[in-house]
1. Using just the alpha carbons, could you tell me how many Å³ per residue the convex hull of region 135-195 encloses?
2. Specify the residue with the greatest mean-square fluctuation among Asp115, Asp34, Asp147, computed from a Gaussian network of the chain linking alpha-carbon atoms under 10 Å apart.
3. How are the alpha carbon pair distances in the chain distributed across 10 Å bins from zero to the largest one, expressed in percent?
4. Starting from the Cα of Asp66, move 7 Å in the Cα-to-Cβ direction to define the label point; list residues of region 110-133 whose amide nitrogen is under 19 Å from there.
5. How much area per residue is accessible in region 146-219 when the probe is 1.4 Å and only protein heavy atoms are counted (Å²)?
6. Under 24 Å Cα-Cα from Lys199, which lysines qualify once same-chain neighbours fewer than 8 residues away are excluded?
7. Tell me the mean residue ellipticity at 222 nm calculated for the chain from its helices only (DSSP H runs of n ≥ 4, each -39500 (n - 2.57), averaged over every residue, nearest 500).
8. Give the long-range amide H neighbours of Gly102: residues separated by 5 or more places, or on another chain, with amide H under 5 Å away, using H modelled in the peptide plane at 1.01 Å from N.
Amino acid sequence: MTDAVEIPVTVEPELQVLGVSGRRHAAAPMLDFDVHVSETSGRQVYTIALSAQVMIEPARRAYDADTRERLVELFGPPERWSMTTRSLMWAKVDALVPEFTGSTTFRLTLECSYDHELVAAKYFHSVRDGEVPLAFNFNGTVYYRGDDGRLQMALVPWSCSAEFRMPVSAWRELIEHYYPHTGWIGLRTETLDALAREKARRGAPTFDACVADLLKERE
């Protein structure tokens, strides 16, 4: 009679995004997402070297007429949105989950940009209220204690993901705190030099005033 083969315990963490808050005093605007991780095998987990791909899921919410007009640049005419409102890449971030047995909570930090050349910033700027549907797709490596007490490793399964509906106010209030009444756009060096010459020629006090004068003349 042969001995039964012992099947090793599988370590598969489950993750859930609980909430979000903005950092008010940092070198750059950052959002902290509180993430709960649980692991049901009862093993001691030393750490999880985690990566998260954060996606915006625009098709999972409704938009009023004014918002649809602001989103035309991203998705085209509303009648085509069934085909064009695909997932938008926001960020890819890494985190080290601290030691735990059973469950713990950690923070996943995303730096926020207000550069209007970036798709995520365009979307957040256009959506003025409600919630933004997000998808967190996780991968990485779990380091845990095996039956013999030795360090073992397992991959975070590709199916490990979490959904979260982020209040758009979290992003808008954070950006307003760091950049009050301000927006950012990228300009080529040649364009910036030409604008600086025009600003000097007009005696405009700021670049904003110079652009406002040019737009007023255009109108």
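The values are calculated or read from the model by the stated rules, or taken from the named source; none is laboratory data. Note that the structure is a prediction, hence the values are computed from the model and not measured. FYI the Cβ positions are ideal-geometry reconstructions off the backbone, even for glycines, and counts take in every protein chain you see. These area figures cover heavy atoms from the full protein model, side chains too; ligands, DNA and RNA do not enter into them. Shrake-Rupley method; radii C 1.70, N 1.55, O 1.52, S 1.80 Å.
1. Details: hull volume 13.0 nm³, N = 61.
Hull volume normalised by residue count: 213 Å³.
2. Sorting by GNM fluctuation, first place goes to Asp147.
3. Going out from 0 Å in 10 Å bins, the chain shows 7, 25, 25, 20, 12, 6, 3, 1, 0, 0 percent.
4. What the label zone holds, given the 19 Å backbone N cut-off, is 122-132.
5. Working: 5600 Å² over 74 residues.
Value for region 146-219: 76 Å² per residue.
6. Lys216
7. Numbers: 7 runs with 59 residues, N = 219.
Estimated from H runs of four or more residues: -7500 deg cm²/dmol.
8. Close amide H contacts, sequence-distant or interchain: Glu39, Gly42, Val45.
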